[in-house]
Amino acid sequence: MQHIKDQIRDSWDRSSAYYDTRPSHGISSDEERYAWALEFSSLVPEKACDVLDVGCGTGEISLVFADMNHRVTGIDLSGGMLSKAVAKAQEKGYPIDFRTGDAEDLPFEDESFDVVVERHLLWTLPEGRRALGEWRRVLRKGGRVIVIDGLWNDGSFSTRCRHSIASGLTALFEGQDRTEAAYTSDMNASLPDAGGLPADAAEAYLRDAGFTEVGSKDLSSIRRLQTKNMPWYQRIAYNWNYYLASGKK
Ligand SMILES: C[S@@+](CC[C@H](N)C(=O)[O-])C[C@H]1O[C@@H](n2cnc3c(N)ncnc32)[C@H](O)[C@@H]1O
């Protein structure tokens, strides 16, 4: 059987062509871009620092940090996703170092970065708890980890209904269902947080990995900006709790 990481990579390679067109993935407006920068500016130093975007995908968050004049490295399993990121950075003239690699086993020396950020990655890691230790390893003392995630699927009947309706209507109106990279049930079984995780669980992961000053912030205001440009039939599924958790090394 194909290794889980290879399956994950292939799945994102397949969805890379349309990933940025999906609400909450591609940043949908300057207003949303500014809102992200504002969130980050309250957590990271104003002067240029070294930022690692783990599971950077098509580079949306990497570009926000580059806009803020930070030195950015992005790492992802999927060459397809990274090729989109590279094209966007080239267009903007940003020297972002995008490379293929595993966020659970980083190819960087200890204490190489001031900030490690992830958006929408933790849920798809087979060993997310261990990964946080790895992210702490590459942070300098006093560095920050930033985790942006949510509990997409709490397993309830109402959530299952919302997802099925949104997915069916997307297929009806757009010709095919492109709500997310499709993971098989076997893949999901290898992922302890396949449905996402609530903020308090993310905070517990951070504390267990040795981070201090751990806290989280609700991102409903950004969620509202994301849904502004979203077709009504997709909004049906976008009702989850969305947050940014952070900690200090
Ligand atoms: C939902 S996308 C998020 C992309 C990006 N962070 C964003 O906010 O748009 C998940 C990304 O994580 C990547 N990924 C999954 N497992 C990974 C791993 N073990 N190491 C590095 N990247 C991984 C996938 O290839 C995909 O690009």
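Below is a table of values for the structure above.
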quantity: Principal axis dimensions, largest first and in whole angstrom, of the stretch 1-127 by Cα; calculated: 47, 36, 26
quantity: Over the stretch 192-249 - Rg/Rh using Cα atoms and the Kirkwood inverse-distance radius; calculated: 1.09
quantity: Residue-averaged 222 nm ellipticity for the chain, from DSSP H runs of 4+ at -39500 (n - 2.57), nearest 500; calculated: -12500 deg cm²/dmol
quantity: Candidates Gly93, Gly101, Gly196: whichever shows maximal mean-square fluctuation once the chain is modelled as a Gaussian network with Cα springs under 10 Å; calculated: Gly93
quantity: The stretch 32-37 - phi-based ³J(HN,Hα) in whole Hz, Karplus 6.51/-1.76/1.60, Gly and Pro as x; calculated: 5, 4, 5, 4, 5, 4
quantity: Partner lysines for Lys88 [C-alpha distance under 23 Å; skip if fewer than 8 residues away on the same chain]; calculated: none
quantity: Whether the stretch 80-159 is rounded, prolate or oblate, judged on the alpha carbon gyration tensor where a/c under 1.5 counts as rounded; calculated: oblate
quantity: Set of lysines near Lys141 by C-alpha distance (under 21 Å), chain-local residues within fewer than 8 positions excluded; calculated: Lys47, Lys248, Lys249
quantity: Shape category assigned to the chain from the gyration tensor of Cα positions, a/c cut at 1.5; calculated: rounded
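Every read-out reported here was derived from the displayed coordinates using simple, explicitly stated rules and does not represent laboratory data. Note that the coordinates shown come from a computational prediction; the quantities given were computed from them, not determined experimentally.
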